[in-house]
Amino acid sequence: MAATESTKTSKGTPTAPLLSLDPERQQEFQAKVQSVRKAVAKNDKVTPGVIYVGHIPRSLSEIHLREYFSQFGAVKRLRLSRSKKTGGSKGYAFMEFEYDEVAKIVADTMNNYLFGERILKCQFMPPEKVHEKLFKGCERTFRKPTNPAVKRYNRERTPEEEAKMMKRLLRKERHLRERLAKKGIDYDFPGFAAQLSPEKKQRMSEPTSSLNASVNSEDPTPVCTPTFLERRKSQPKDSEDNEVILKLPPESKKTAAQKNKAAKLQKKATRKKQKSKT
């Protein structure tokens with residue numbers, strides 16, 4: 001329900017009249033508005049109210065939300081959740097109204113309200129559930145991020161920084177493989193070790209017999225080393241190398257349903273032949 005009757009603020013400027021969105025509850029709404037105004041006139045302590053608004057269309061900004069929800073009452077603070085990477089809206093926001101009674105009315109009125117092909121979800125948040133830093137920085141104007149993390153990651157590094165980063169990545173990868181082995185998961189993946197150049201691999205790994213291997217499992221193609229060529233020359237030549245044998249795929253096995261169909265067709269064919277003979 002939203003609100004208006006012509007009134008004046010403390011500065012003497014007239015405000016927009018408040019009208020209930022539900023005409024049947026106009027009297028109830030006016031009674032609540034009058035009770036709030038009397039409490040303010042008596043200088044009683046008025047607690048502000050916070051609402052949660054979800055399923056907000058992504059095209060709406062803070063300016064649009066403040067302008068729309070100001071028809072219910074004064075919006076003291078508003079925070080629209082945005083992505084730190086892209087700056088786009090996440091589809092939900094928090095609003096603080098001057099009076100908690102107004103916030104409850106807004107939550108009841110706008111809950112399940114069709115707005116821009118989306119059904120809004122509004123809930124009133126009790127004061128004990130409102131975090132003290134919920135509206136931190138809400139008064140600052142929004143500026144789209146310039147992706148500083150991407151620039152920092154793609155910057156040019158010295159050889160010492162590259163070696164340090166590679167050691168850190170390999171250490172994390174080794175810990176991951178150890179955790180998988182402890183859980184009994186047999187899974188192998190190339191990881192960062194496959195991206196190292198042969199020179200870096202020789203520096204970081206100890207010399208083992210695997211250096212003379214003809215095929216490296218991490219390389220896409222076999223490596224032709226001198227040891228591999230010597231081993232190939234020493235192997236006896238097969239006399240049947242010139243013979244090419246083509247293996248055809250095995251015949252597909254007929255299922256039981258296909259066999260039954262074939263049997264029925266044969267029976268029908270025999271019956272037709274018998275009838276034609278008679």
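Taken together, the residues in segment 73-95 that are touching a helix residue (DSSP H, G or I) at 6+ places or on another chain (Cβ under 9 Å) and under 14 Å from residue 123 (Cβ atoms) amount to 2.
Residue check: residue 160 meets all listed conditions (1) farther than 30 Å from residue 34 by Cβ; (2) touching a residue at least 60 places away in the same chain (Cβ under 8 Å); (3) part of a helix (DSSP H, G or I) but one, namely (2). Counting only strands (runs of 3 or more DSSP E) that fall entirely inside segment 59-149 and contain at least 1 residues that are within 25 Å of residue 33 (Cα to Cα) and aromatic (Phe, Trp, Tyr), the qualifying elements are 89-97, 121-125.
Residues of segment 90-101 that are surrounded by 20 or more Cβ atoms within 10 Å (Cβ to Cβ) and modelled with pLDDT of 90 or more: 93, 95, 96, 97. Among the residues of segment 77-88, is any among the aliphatic types (A, V, I, L, M) and exposed (fewer than 14 other Cβ atoms within 10 Å of the Cβ)? No: zero hits. Against the condition farther than 30 Å from residue 27 by Cα, touching a helix residue (DSSP H, G or I) at 6+ places or on another chain (Cβ under 7 Å) and outside any loop (DSSP other than H, G, I, E, B), how does residue 193 come out, does it pass? For residue 193, the condition - farther than 30 Å from residue 27 by Cα, touching a helix residue (DSSP H, G or I) at 6+ places or on another chain (Cβ under 7 Å) and outside any loop (DSSP other than H, G, I, E, B) - is met.
With respect to the conditions (1) part of a loop (DSSP other than H, G, I, E, B); (2) loosely packed, with under 13 Cβ neighbours inside 10 Å; (3) modelled with pLDDT of 90 or more, residue 47 falls short on a single one, namely (3).
The values are calculated or read from the model by the stated rules, or taken from the named source; none is laboratory data. Here the structure is a predicted model, which is why all the values come from computation and not from measurement. Because the Cβ atoms are built from the backbone with ideal geometry, glycine has one as well, and the counts that use them run over all protein chains shown.
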